[in-house]
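Down below is the structure, laid out as structure tokens.
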Amino acid sequence: MKSFWDMLLEQEAVLSELLESVDENEELNTKRLRIASRGNHPQYYVCEKGQSTKGKYIRKNEIDFARQIANSEYHKVFGKKLHSQLNAVRQCIKAGDLNKLAMIYDQMSSERKKLVIPLLLSDEEYVSQWQNQEYERKPFEPGTAEIYSARGERVRSKSEKIIADQLGSYGIPYKYECPLILDNKLIHPDFTVLNVRLRKQIYLEHCGMMDEKEYSQNAVKRIEMYEKNGIMPGIGIVFTFETRTVPLNTRVLDRIIHEYFL
């Protein structure tokens, strides 16, 4: 579930994007559209500021001019309301600086921290505690290739090294093959990744031999197991794929990282 803070930031982004679409036409700023009815047919009049409220009749072949004025008036009212809402959201964000609250715990002495259960951690403290949780890694079988990531941890393939190094280059916290129990079965997702902004764990599984029948069948079963346990693709878990002839696409990987982990 998204926090109130994240919803505020998303609301600001939506309103800011809308603001770019508001077209305040200065040439039409002094004009107002009046619509009258004559039978079942509307008649349009353009009224100039400070002049007669009756306005000048707009001919049928000038209907585009009426549309311009109508849109200009709409944008003017919409823009005014939008500015008001955007300012209100920004004031809430400014007033709700969570870092100031998190600093109360950060500024305590190490001995005092041992006694206190914090109500809110800074991102730095949260990441530190998350990464320092110990777990038992899946052992490597004797004789398998020794491949190491840039931060010195052993991984099982060159593609997993690419993923690990890519996450590391963005400073994204992750755990490699951290154990997880699903359906009373112990499994080891390739990567357990922390989205710091959302403070949410998202799994990343690399399916590296999808052109091998037995491997691909097991991969499908594993994906179904995640789904049955509420870990849905694109929400709680993301996947990368490759075959012998189609290697891991690093551009796609980069898009996944930006979409889910930053």
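Working carefully through the options TYR74, TYR45, find the one that is surrounded by 12 or more Cβ atoms within 10 Å (Cβ to Cβ) and either touching a Lys or Arg at 6+ places or on another chain (Cβ under 7 Å) or not assigned by TED's automatic domain parsing to the domain that holds LYS31 (or both).
Of the residues listed, the single one that is surrounded by 12 or more Cβ atoms within 10 Å (Cβ to Cβ) and either touching a Lys or Arg at 6+ places or on another chain (Cβ under 7 Å) or not assigned by TED's automatic domain parsing to the domain that holds LYS31 (or both) is TYR45.
Here's the yes/no breakdown for (1) under 17 Å from PHE239 (Cβ atoms); (2) assigned by TED's automatic domain parsing to the domain that holds MET232:
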| position | (1), (2) |
| --- | --- |
| GLU125 | no, no |
| SER128 | no, no |
| PHE140 | no, yes |
| ILE147 | no, yes |
| LYS161 | no, yes |
| LYS175 | no, yes |
| ILE187 | yes, yes |
| ASP190 | yes, yes |
| VAL193 | yes, yes |
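Output the residues belonging to the range 151-202 that are charged (D, E, K, R) and part of a loop (DSSP other than H, G, I, E, B).
Correct list: ARG151, GLU153, ARG156, GLU177, ASP183, ASP190, ARG197, ARG199.
Look at GLY230 and say whether it is within 28 Å of LEU9 (Cβ to Cβ), part of a helix (DSSP H, G or I) and not hydroxyl-bearing (Ser, Thr, Tyr).
So GLY230 does not fit the description; no.
With (1) under 31 Å from the mean Cα position of the chain (by Cα); (2) aromatic (Phe, Trp, Tyr); (3) in the same structural domain as ILE35 (by TED's automatic domain parsing) as the list, and PHE65 as the residue in question, which single condition is left unmet?
Here PHE65 clears every test but (1).
In the range 235-262, how many residues are part of a loop (DSSP other than H, G, I, E, B), under 29 Å from ASP183 (Cβ atoms) and either of a type in the set (A, V, I, L, M, F, W, C) or without any contact (Cβ under 8 Å) to a residue 24 or more places away in the chain (or both)?
Here the count works out to 3.
Within the range 123-144, identify whether any single residue is surrounded by fewer than 10 Cβ atoms within 10 Å (Cβ to Cβ), farther than 19 Å from GLY168 by Cβ and under 32 Å from the mean Cα position of the chain (by Cα), and answer yes or no.
Among the residues of the range 123-144, at least one is surrounded by fewer than 10 Cβ atoms within 10 Å (Cβ to Cβ), farther than 19 Å from GLY168 by Cβ and under 32 Å from the mean Cα position of the chain (by Cα), which makes the answer yes.
The values are calculated or read from the model by the stated rules, or taken from the named source; none is laboratory data. Note that this is a predicted model, so its numbers are computed, not measured. Positions of Cβ are backbone-derived with ideal geometry, glycine not excepted, and every protein chain shown enters the neighbour counts.
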